[in-house]
1. List every residue whose amide H lies under 5 Å from the amide H of Ile103, counting only residues 5 or more places away in sequence or on a different chain, with H placed 1.01 Å from N in the peptide plane.
2. To the nearest 500 deg cm²/dmol, what mean residue ellipticity at 222 nm is calculated for the chain from DSSP H runs of n ≥ 4 alone, each contributing -39,500 (n - 2.57), summed and divided by the residues?
3. Check Ile55: other-chain or 5+ apart residues with amide H under 5 Å from its amide H, H built from backbone geometry?
4. Can you list the residues, at least 5 places off or on another chain, whose amide H is less than 5 Å from the amide H of Ile75, using H built in the peptide plane?
5. When Rg/Rh (Cα atoms, Kirkwood Rh) is calculated directly from the model, which label among [x] 1.13; [y] 0.95; [z] 0.92 fits?
6. Considering Cα pairs under 8 angstrom that are at least six residues apart, work out the relative contact order of the stretch 75-121 and quote it in whole percent.
7. Only Lys, Arg, Asp and Glu count, each charged at its Cβ (+1, +1, -1, -1), so figure out the dipole size of the stretch 6-121 about its Cα centre, rounded to 20 debye.
8. Work out how much length Phe98 to Leu120 would gain on full extension: take 0.36 nm times their residue separation and subtract the Cα-Cα distance, in nm to one decimal.
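The values are calculated or read from the model by the stated rules, or taken from the named source; none is laboratory data. Treat the numbers as computed from the prediction; the structure is a model and nothing was measured. Note: ideal-geometry Cβ built from the backbone for every residue, glycine included; neighbour counts use all protein chains shown. Remember, those area values only see protein heavy atoms, side chains included, never the ligands or the DNA or RNA. Shrake-Rupley method; radii C 1.70, N 1.55, O 1.52, S 1.80 Å.
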Amino acid sequence: MLTMINIGIDNAVAFTLSGKVTEDDMKRVLMDAEAKAVDHGGIVIYEEIESFSGIELAAIAEELKYLVHAGIKHIKQVAVVTDASWIEKVVKIEDVLFRDIDIQYFTFAEKPQAITFLQLQ
């Protein structure tokens, strides 16, 4: 289940995730990202992951369509908040692959620092 949240940053696309990411979940996130990119130019992303049990292939397809259509040029920073240590390794790889986006990992205890990190963009 994916739930959109407000973290008090106008250009933030923010959500919590528990379980599997569905196509509908991805569409909600990407619609929010597109709207905020139009309004603000650059966006930041806040992902709070309580648990992760996979992603539907259709959700991956939606994300790829967005990246091809809108590009990743609008994404300035990403904060991933979770206590799953294996996700920290994924975040480090993504930070290297997507050089123009500053992607950082934070634990749940560091949630305030994650929000501060996104405010400093």
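1. Under 5 Å from the amide H of Ile103 lie the amide H atoms of Val78, each far enough along the sequence or on another chain.
2. Numbers: 4 runs with 53 residues, N = 121.
Calculated mean residue ellipticity at 222 nm is -14000 deg cm²/dmol.
3. Val21
4. Excluding prolines and chain starts, which carry no amide H, the hits are Ile43.
5. Looking at Rg/Rh (Cα atoms, Kirkwood Rh) for this model, the match is [z].
6. On the way: 57 pairs, mean separation 23.6, N = 47.
For the stretch 75-121, the relative contact order is 50 percent.
7. Details: 11 positive and 20 negative charges, 50 e Å.
Roughly 240 debye, rounded to the nearest 20.
8. Working: separation 22, 0.36 × 22 = 7.92 nm, distance 1.90 nm.
Here the answer is 6.0 nm.
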